[in-house]
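Asks: Okay, handing you the structure first.
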Amino acid sequence: MMRRMAMIAAALLLTGCGKIGDLVAQTRTVAAPREQVFAKMFDDRSTFTGLPLVTNGGSTRLYELVVQKGDPAWPAVAPKNRPDAYKVKLAVTMDIPRETHILYSEDDGALSTGLKFTFEELAPDRTRVAFTIDELSGHASDGMAVNAAKMHAIAREALNRLDDFEKVDEPA
């Protein structure tokens with residue numbers, strides 16, 4: 001079990017150096033009910049399967065994985081850009097079918113970033129999906145950059161699932 005969690009953490013956590021820039025905030029409107037769009041983007045077969053479920057309040061869920069220095073999984077997730085780091089956390093909060101927020105944090109917020117998807121019901125058969133990237137922040141973020149390749153892959157995969165729905169052009 002611990003080995004599987006370590007592999008998931010290694011695959012999901014951000015390590016190394018780089019720039020967040022190739023994926024931009026965007027909004028798309030599709031011809032489908034909000035619940036259907038949310039399920040298509042973040043269903044039970046999603047990337048988060050296998051992450052520990054901390055709370056499940058029906059439509060509110062929190063998945064969270066915390067790896068601390070000294071844990072067997074630490075070498076796989078230790079931030080290369082902060083060798084003195086002592087804890088890495090990945091959290092996924094879901095308010096179904098309204099929002100999904102993926103958060104990455106080092107040392108209780110010394111460095112953090114994330115991805116956010118919001119689902120707005122415009123009509124029973126029309127949903128606006130807004131995607132934003134949280135700015136890199138924290139008291140240890142000065143001069144730091146994070147390689148967000150895996151988080152961007154998660155975002156791209158979710159956004160690509162919107163292509164299964166008919167796109168709706170909104171009036172200007």
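Asks: Would you mention how many residues in the range 34-82 are open to solvent by 50 Å² or more (accessible area, probe 1.4 Å) and under 19 Å from THR113 (Cβ atoms)?
Replies: 3
Asks: What's the number of the condition ASP84 fails, among (1) free of Cβ contacts under 8 Å to residues at least 60 places away in the same chain; (2) outside any loop (DSSP other than H, G, I, E, B); (3) closer than 19 Å to GLY138 by Cα?
Replies: That leaves (2) as the condition not met.
Asks: Just checking, which of ALA31, ALA85 is in contact with a Lys or Arg (Cβ under 9 Å, 6 or more places away or on another chain), over 27 Å from PHE165 (Cβ atoms) and either among the small types (Gly, Ala, Ser) or open to solvent by 40 Å² or more (accessible area, probe 1.4 Å) (or both)? Before you say what the answer is, go through the steps one by one.
Replies: Numbers: ALA31 fails: over 27 Å from PHE165 (Cβ atoms).
Of the residues listed, the single one that is in contact with a Lys or Arg (Cβ under 9 Å, 6 or more places away or on another chain), over 27 Å from PHE165 (Cβ atoms) and either among the small types (Gly, Ala, Ser) or open to solvent by 40 Å² or more (accessible area, probe 1.4 Å) (or both) is ALA85.
Asks: Further question: In the set THR113, THR93, THR55, THR49, which member is under 25 Å from ALA158 (Cα atoms), modelled with pLDDT of 90 or more and not acidic (Asp, Glu)? Let's see the steps before the verdict.
Replies: Details: THR113 fails: modelled with pLDDT of 90 or more; THR55 fails: modelled with pLDDT of 90 or more; THR49 fails: modelled with pLDDT of 90 or more.
It is THR93.
Asks: Let me ask another. Which one of these does ARG98 not meet: (1) open to solvent by less than 50 Å² (accessible area, probe 1.4 Å); (2) modelled with pLDDT of 90 or more?
Replies: (1)
Asks: Please tell me if ALA73 is more than 21 Å from GLY138 (Cβ to Cβ) and in contact (Cβ under 8 Å) with a residue 40 or more places away in the chain. Outline the logic, then answer.
Replies: Values: more than 21 Å from GLY138 (Cβ to Cβ): yes; in contact (Cβ under 8 Å) with a residue 40 or more places away in the chain: yes.
Judged against the criteria, ALA73 is a match.
Asks: Open to solvent by less than 10 Å² (accessible area, probe 1.4 Å) and modelled with pLDDT under 90 - does that describe any residue in the range 137-147?
Replies: First, pick out the residues of the range 137-147 that are open to solvent by less than 10 Å² (accessible area, probe 1.4 Å): 146.
Retained after the next criterion (residues that are modelled with pLDDT under 90): 146.
Yes: one or more hits.
Asks: Since ASP71 meets every condition but one in (1) farther than 22 Å from ALA153 by Cα; (2) at pLDDT 90 or above; (3) in a helix (DSSP H, G or I), which condition does it not meet?
Replies: All conditions pass for ASP71, except number (3).
The values are calculated or read from the model by the stated rules, or taken from the named source; none is laboratory data. Note that this is a predicted model, so its numbers are computed, not measured. In this analysis, Cβ positions are derived from the backbone assuming ideal geometry, glycine residues included, and neighbour counts consider all displayed protein chains. Accessible surface areas use protein heavy atoms only, side chains included; no ligands, DNA or RNA. Shrake-Rupley method; radii C 1.70, N 1.55, O 1.52, S 1.80 Å.
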